[in-house]
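Student: Pasting a structure below so you can have a look.
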Amino acid sequence: MASPFLVPVALLLRDVPSSIDISAEAPFDEKKEFLPRGRAESDVNSDAPLKINVKLQSFSGGLHVRGSVEAPWHGICRRCSIEVLAVSKVEVSERYVDERAPGDEDAYLIENDFIDLAPMAHDAIFLDLPLAPLCKEDCKGLCPYCGIDRNEATCECQGPVDPRWATLDNLRFIDFPSDESKEN
Ligand SMILES: [Zn+2]
Ligand SMILES: [Zn+2]
């Protein structure tokens, strides 16, 4: 079956300016073009629903594509290692052209009177994915000593002592070598 992201545009290009709205949904990577990323990175499943809602507007020699693309992604929180599930929704404003002018490498190509919205949507979603996701902005992460999830519990582990305080500790030890130095 033809991809719903392949849009015939001959009529639009013949009648300038004209426009149509496109709403389409299909698996993000039906052709399995993209290798899964590493565990630490955010990624989109190949069968995740990619939604494209755009307006195509023709101009002489090409089309403007404006609207939004949306797909769910998953990743691992870089601080506490739980799975993060979220949706990336990106506003797009791109051009498709018959021929790329010099310096126009950002434009996508119209091929045989069709445009393929999928590569444009892939580019927008991949650019939007966080490199190292967080489950929430203020995730407290795991204790590096006992591994407890600091979002859910507290522990008594002590972090490495700041060298300035370490000096102070030594002074105290010298001043109070007896048990009086431990006040608990
Ligand atoms: Zn987290
Ligand atoms: Zn701990």
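A short reminder: the numbers here are calculations on the coordinates, not readings from a lab. Please read all numbers here as calculations on a predicted model, not as lab measurements. With ideal geometry, Cβ positions are generated from the backbone for all residues, glycine too; neighbour counts draw on all protein chains shown.
Student: To test your reading of the geometry: what angle, between 0 and 90 degrees and rounded to tens, separates the Cα axis of helix 117-128 from the longest principal axis of the chain?
Tutor: Helix 117-128 sits at roughly 20 degrees to that axis.
Student: At q = 0.11, 0.16, 0.20 Å⁻¹, what base-10 log of I(q)/I(0) does the Debye formula yield for segment 13-120 when every alpha carbon is treated as an equal point scatterer in vacuo?
Tutor: Scattering profile of segment 13-120, log10 relative to I(0): -0.45, -0.81, -1.06.
Student: Would you calculate, for the chain, the mean residue ellipticity at 222 nm contributed by helices, counting each DSSP H stretch of 4 or more residues as -39,500 (n - 2.57) and dividing by all residues, to the nearest 500?
Tutor: The helix-only estimate for the chain comes to -5000 deg cm²/dmol at 222 nm.
Student: Within the P(r) computed for segment 58-117, what percentage of the Cα pairs occupies the region above 16 Å?
Tutor: 59
Student: Continuing with this model, one more query. If the cut-off is 23 Å between C-alpha atoms, which lysines fall inside it for Lys51, apart from same-chain ones fewer than 8 positions away?
Tutor: Within the straight-line limit of under 23 Å, Lys51 reaches these lysines: Lys31, Lys32, Lys89.
Student: To continue, here is another question. Below 9 angstrom from the Cβ of Gly141, what's the summed charge of the other residues (Lys, Arg +1; Asp, Glu -1)?
Tutor: Neighbour charge sum, excluding Gly141 itself: +3.
Student: Here is a further query. For the chain, report the % of Cα-Cα distances exceeding 29 Å.
Tutor: The share of Cα pairs beyond 29 Å in the chain comes to 48 percent.
Student: Also, I was wondering about something else. Would you mind calculating the gained length between Ile82 and Ala2 on full extension (0.36 nm times residue separation, minus the Cα-Cα distance), in nm to one decimal?
Tutor: 25.0 nm
Student: Residues with beta-carbon under 12 Å from that of Pro49, excluding Pro49: net charge, scoring Lys, Arg +1 and Asp, Glu -1?
Tutor: Neighbour charge sum, excluding Pro49 itself: -4.
Student: While we're here: List every residue whose amide H lies under 5 Å from the amide H of Phe59, counting only residues 5 or more places away in sequence or on a different chain, with H placed 1.01 Å from N in the peptide plane.
Tutor: Amide H neighbours of Phe59: His64.
Student: More than 13 Å apart: what percent of Cα pairs in segment 18-57 qualify?
Tutor: 62
Student: Ok, one more. If amide H atoms are built 1.01 Å from N in the plane of the peptide, which residues on other chains or at least 5 residues away come under 5 Å of the amide H of Arg79?
Tutor: Excluding prolines and chain starts, which carry no amide H, the hits are Cys135.
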